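We did not get these values from a lab; they are worked out from the coordinates using the rules stated. Everything numeric in this text was worked out from a predicted model, so none of it was measured. Positions of Cβ are backbone-derived with ideal geometry, glycine not excepted, and every protein chain shown enters the neighbour counts.
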Ligand code: NAI
């Protein structure tokens, strides 16, 4: 099939070219949105990532250009209007689990860095500053960690934190039986907020979870709690979090995702004037750590993403789409 591949980076080309023996892939660096949709003329399908915008308008335009499949090379699909795709008869496939461990481990990296301040220690030592002043952390052992969303990533994360000797609390609208069997306690969300020293978000962005973390939920948290978000930026009301950081209620914030990341993440703006004042304010806090949506970014995950996406395209062509990877058929 002829596939227009959007938001492509060098690493996408390396991994997809390594495993592609069959499909014709044309790599575009542009994101897919209303402005770039003309690039899909003459293709059978599109391959997209987390910040491509597949709203009803774009999907109608894709249908008009005879696009038959939207292949997401990621797990989250909050950026695709599935109803519109269904209506237009466009199949939507994704990579449901490329490496839950990659994201879970990145969440742990954020926790460890924020806690033990290794990013600051690294710079200090390189400058010949061997002082320990203001590098004090806390033992994770014995602390309470709240996991919101206990799917594949939340499960992997819960087990890692259990291994640290933490008390793990969990909340999910569909509690995970593997975690229940492992003795992890499921509680109501408010209780999780009230008891946790560290809260890590692993649920998808949906109308129900949009701004799950807001001024009210922040008020319910322990003073000095640590909040980690490797899921989707929209789970957090950024303004409310900034206020909670300013008034000292929230102790630490580690995010791999940001509500307005589409305009910035995955690109180099190091010589530009960044216009996003909220992001710049977040960056100014000493107890905030931001990474640019790299939770998934491991060899294993990139391999899995390429292999499953290419398989999804072949399965579609052979009319053998798998239930586990198909969102709309
Ligand atoms: P999953 O589908 O296996 O698990 C999601 C869990 O969230 C499910 O157990 C579901 O019942 C639960 N959930 C749904 N609505 C909820 C609600 N209102 N409250 C509490 N729990 C709710 O998904 P997986 O693979 O664990 O991924 C989770 C999220 O991680 C994805 O939706 C995606 O947004 C994000 N992600 C981030 C990556 C990164 O690079 N930072 C990479 C991959 C995924």
(request) Give me the percent of Cα-Cα pairs in segment 216-329 that sit more than 24 Å apart, rounded to a whole number. (result) 44
(request) Could you compute the FRET efficiency for residue 136 and residue 267, with r as their C-beta to C-beta distance and R0 at 35 Å, rounded to 0.05? (result) 0.45
(message) Would you work out the Kirkwood radius for segment 116-160? I mean one over the mean of 1/r across all pairs of different Cα atoms, in Å.
(response) 13.2
(request) Only Cα pairs under 8 Å and at least 6 apart count here; give the relative contact order of the chain as a rounded whole percent. (result) 18
(message) With the cut-off at 1.5 for a/c, could you classify segment 134-230 from its C-alpha gyration tensor as rounded, prolate or oblate?
(response) oblate
(message) If R₀ is 45 angstrom, what is the calculated FRET efficiency for the pair residue 60 and residue 121, using the beta carbon separation as r and rounding to 0.05?
(response) 0.30
(request) Using only alpha carbon positions, build the gyration tensor of segment 100-290, then give the equivalent ellipsoid semi-axes as the square roots of 5 times its eigenvalues, largest first, whole angstrom. (result) 26, 21, 16
(message) Based on alpha-carbon centroids, what's the gap between segment 182-201 and segment 257-329 in Å, whole number please?
(response) 27
(message) Rg/Rh for segment 49-129 to two decimals, with Rh computed the Kirkwood way over all alpha-carbon pairs.
(response) 1.30
(request) Could you rank the peptides 117-128, 248-259 by their average count of other C-beta atoms within 10 Å per residue, with the highest value first? (result) 248-259, 117-128
(request) Take every Cα-Cα pair in the chain and report what % of them are more than 36 Å apart. (result) 24
(message) Kirkwood Rh over alpha-carbon pairs of segment 11-105, then Stokes-Einstein at 20 °C and 1.002 mPa s: what D in µm² s⁻¹, rounded to an integer?
(response) 153
(message) Checking the a/c ratio against 1.5 first, then a/b against b/c, what shape does the Cα gyration tensor give for segment 206-278?
(response) prolate
(request) Mind jotting down a quarter of the surface of the convex hull over the alpha carbons of segment 165-212, in square nanometres, one decimal? (result) 3.8
(message) Starting from the 7 Å offset along Cα-to-Cβ, what nm value, one decimal, do you get for the label separation of residue 194 and residue 322?
(response) 4.3
